[in-house]
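The values are calculated or read from the model by the stated rules, or taken from the named source; none is laboratory data. Since this is a predicted model, take the numbers as computed values, not measurements. All Cβ positions, glycine included, derive from the backbone under ideal geometry; neighbour counts span all protein chains shown.
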Amino acid sequence: MRTTFIGTAFIAVLLSLNLGATEVSGRLSITPIIGLESVQKFQPTAHMKTRAIYGARAIYRFPISALEAEYTHAQDTSNDSTTNTSYKDSEDKLRLGLRGSFMMATFLNSYIRGGAQYRKNEQTRTLSNAVTTTSTSSKVQPYIGTGIDIRVMKFFSITADILATYTPTSNPNLRGYELQPSIGLSLRF
């Protein structure tokens, strides 16, 4: 019951935040982002973790394609009870890419997107009140995604998309990619 309530509250917040999306002259749209992502974690052990993200996306449309820029921020904590160590992980991602749209019906639009991602990560490790901070930047990683845009009324549309980022790893317990699904409501002017 509690999980259902938290999920419903999260979707309500997501929908209300995406109402702030704006579009300038029909070519540029800026949309707030809030969603979930599944990421690879190496501390305290190698595992996958789902965490909340927030940020913004800008799309500049051309007649047959679009340019996109996206910034997201995520933060999470982990604890290792055997060594009494806590980990705080903060990550910023910047994506630049292209987007192609396909009109399936007057109210239904699908799209594919792809490009490159830059990631900066800062991890703080606390062991017996001793704090160690490590900052790393990743190489450029490719991403690809797809989604749909369902027009509800003239100015509103519901969007859902999934994004996969290639993150190679030699650890057999981890996947070679990270997933970021999202759903939202856009307002067009």
Q.
Kindly evaluate Leu187 against the criterion of being closer than 30 Å to Arg27 by Cβ, hydrophobic (A, V, I, L, M, F, W, C) and modelled with pLDDT under 75.
A. yes
Q) All but one of (1) of a type outside the set (A, V, I, L, M); (2) over 27 Å from Ser170 (Cβ atoms); (3) part of a strand (DSSP E or B) hold for Arg51; which doesn't? A) (2)
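Residues in the stretch 78-85: is at least one within 24 Å of Gln141 (Cα to Cα) and part of a strand (DSSP E or B)?
no
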Q) Taking Glu23 and the conditions (1) surrounded by 14 or more Cβ atoms within 10 Å (Cβ to Cβ); (2) modelled with pLDDT under 80; (3) within 18 Å of Ser157 (Cα to Cα); (4) within 18 Å of the chain's Cα centre (by Cα), which numbered condition does it fall short on, given that it satisfies the others? A) (4)
Q: Report yes if Gly100 is under 18 Å from Gln180 (Cβ atoms) and touching a Phe, Trp or Tyr at 6+ places or on another chain (Cβ under 8 Å), otherwise no.
A: no
Q.
For the list (1) in contact with a Lys or Arg (Cβ under 9 Å, 6 or more places away or on another chain); (2) surrounded by 15 or more Cβ atoms within 10 Å (Cβ to Cβ), I need the number of the one condition that Phe156 fails.
A. (2)
Q) Among the residues of the stretch 151-172, which ones are assigned to a strand (DSSP E or B) and either under 20 Å from the mean Cα position of the chain (by Cα) or within 19 Å of Leu36 (Cα to Cα) (or both)? A) Ser157, Ile158, Thr159, Ala160, Asp161, Ile162, Leu163, Ala164, Thr165, Tyr166
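Would a scan of the stretch 60-71 turn up a residue that is touching a strand residue (DSSP E or B) at 6+ places or on another chain (Cβ under 7 Å), farther than 20 Å from Ala116 by Cβ and either assigned to a strand (DSSP E or B) or of a type in the set (S, T, N, Q) (or both)?
no
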Q: Restricting attention to the stretch 104-123, report how many residues are closer than 19 Å to Thr72 by Cβ and under 18 Å from the mean Cα position of the chain (by Cα).
A: 11
Q. Picking from Thr50, Thr77, which residue would you name as being of a type in the set (S, T, N, Q), loosely packed, with under 14 Cβ neighbours inside 10 Å and over 19 Å from Thr167 (Cα atoms)?
A. Thr77
**Q.** Conditions (1) among the hydrophobic types (A, V, I, L, M, F, W, C); (2) modelled with pLDDT under 80; (3) within 17 Å of Asp149 (Cβ to Cβ); number of the one not met by Leu28
**A.** (2)
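Per-residue answers, yes or no, for (1) farther than 29 Å from Ala160 by Cα; (2) exposed (fewer than 14 other Cβ atoms within 10 Å of the Cβ):
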site	(1), (2)
Ile64	no, yes
Ala69	no, no
Thr72	no, no
Thr83	yes, yes
Glu91	no, no
Glu122	yes, no
Thr136	yes, yes
Q | Failed item, numbered, when Gln75 is tested on (1) assigned to a strand (DSSP E or B); (2) among the polar types (S, T, N, Q); (3) more than 15 Å from the chain's Cα centre (by Cα) | A | (3)
Q: Scan the stretch 88-97 and give yes if some residue there is over 14 Å from the mean Cα position of the chain (by Cα) and not in a strand (DSSP E or B), otherwise no.
A: no
